[in-house]
Amino acid sequence: MKYSIALVAMLLSIPLFGQKEYEIGVEITAASGSNLGGSVGGSLKFAIVEEETLAYGPSLRYQYLWSNNTFTGLNANASLFGGGGFLHYRFLEWFFVGSEIEVLSNPFPVINPDKRWSLTAFFGGGVHHNFDWVKLNVGLLYDIADALRDPLINNPSPLRTSYFIQRKNPQPGSGPNGAYLPIIYRIAFFFPIG
């Protein structure tokens with residue numbers, strides 16, 4: 001948590017010149033959901049916008065996860081929370097690229113039970129458009145921190161349940177069927193304030 005506080009302080013102390021605007025961002029995360037399990041939650045963001053192109057600021061995240069295994073009768077649920085910061089560059093009135101870094105509580109410390117916090121470091125981009133009263137972000141982000149994480153000694157990302165692109169093993173009889181790439185989609189609404 002101390003890393004996210006330091007990151008937010010660093011982002012807010014960047015000396016940038018120009019006209020500033022402020023926005024409140026709401027990101028809705030509903031990666032999956034059924035009577036067998038899923039996740040729902042989101043993030044609250046405070047954006048400082050410079051020259052209508054550079055948006056940055058702190059973020060807070062909460063997500064609820066559940067699983068109902070009807071075959072074994074085992075049910076489980078967990079919550080994750082944390083915070084961090086983001087930096088987006090908006091261009092051509094329709095696109096954005098950016099990064100989002102968060103330190104999150106990990107409800108799945110199966111590999112290393114003593115390490116209850118995980119770093120996520122997303123980079124990506126997508127569509128950004130201003131609809132006067134709301135600005136819409138729809139993007140794909142790649143988790144560099146989870147891609148570099150050694151799965152034999154480190155806990156998996158707590159956002160791993162949100163991954164949706166799977167790489168198949170070309171020879172499934174020779175080992176695992178494949179793995180999910182650390183790519184997620186995010187939908188966020190930014191509301192101008194002030």
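For every residue, the table says whether it meets (1) under 22 Å from residue 93 (Cα atoms); (2) at pLDDT 55 or above.
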position	(1), (2)
5	no, no
15	no, no
20	yes, yes
23	yes, yes
26	yes, yes
40	no, yes
43	no, yes
51	yes, yes
Based on this model, can you work out whether residue 137 counts as without any contact (Cβ under 8 Å) to a residue 24 or more places away in the chain and either among the β-branched types (Val, Ile, Thr) or assigned to a strand (DSSP E or B) (or both)? no
Out of 100, 93, report the one residue that is out of contact with any Gly (no Cβ under 6 Å at 6 or more places or on another chain), among the charged types (D, E, K, R) and surrounded by fewer than 14 Cβ atoms within 10 Å (Cβ to Cβ). 93
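Rundown of residues vs (1) without any contact (Cβ under 8 Å) to a residue 60 or more places away in the chain; (2) farther than 18 Å from residue 141 by Cβ; (3) not in a strand (DSSP E or B), yes/no style:
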{"residue": "42", "(1), (2), (3)": "yes, no, no"}
{"residue": "63", "(1), (2), (3)": "no, no, no"}
{"residue": "79", "(1), (2), (3)": "yes, yes, no"}
{"residue": "86", "(1), (2), (3)": "yes, no, no"}
{"residue": "90", "(1), (2), (3)": "yes, no, no"}
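Assess whether residue 107 counts as being modelled with pLDDT under 90, of a type outside the set (Asp, Glu) and in contact with a strand residue (DSSP E or B) (Cβ under 8 Å, 6 or more places away or on another chain). Spell out the reasoning first.
Numbers: modelled with pLDDT under 90: yes; of a type outside the set (Asp, Glu): yes; in contact with a strand residue (DSSP E or B) (Cβ under 8 Å, 6 or more places away or on another chain): yes.
Considered against the rule, which asks whether it is modelled with pLDDT under 90, of a type outside the set (Asp, Glu) and in contact with a strand residue (DSSP E or B) (Cβ under 8 Å, 6 or more places away or on another chain), residue 107 comes out as yes.
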Exactly one of these conditions fails for residue 113: (1) surrounded by fewer than 15 Cβ atoms within 10 Å (Cβ to Cβ); (2) touching a helix residue (DSSP H, G or I) at 6+ places or on another chain (Cβ under 8 Å). Give me its number. (2)
Residues of region 120-134 being in a loop (DSSP other than H, G, I, E, B) and touching a residue at least 40 places away in the same chain (Cβ under 8 Å), which ones? 133, 134
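Taking residue 111 as the residue in question, decide whether it is in a strand (DSSP E or B) and either under 11 Å from the mean Cα position of the chain (by Cα) or among the β-branched types (Val, Ile, Thr) (or both). Quick ask: steps written out before the conclusion?
Working: in a strand (DSSP E or B): no; either under 11 Å from the mean Cα position of the chain (by Cα) or among the β-branched types (Val, Ile, Thr) (or both): yes.
No.
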Output the residues belonging to region 152-170 that are within 17 Å of residue 107 (Cβ to Cβ) and in a loop (DSSP other than H, G, I, E, B). 154, 155, 156, 157, 158, 159, 163
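The values are calculated or read from the model by the stated rules, or taken from the named source; none is laboratory data. In this text the structure is predicted, and so the values were computed from the model without any measurement. Positions of Cβ are generated from backbone atoms using ideal geometry, with glycine treated the same way; all protein chains shown enter the neighbour counts.
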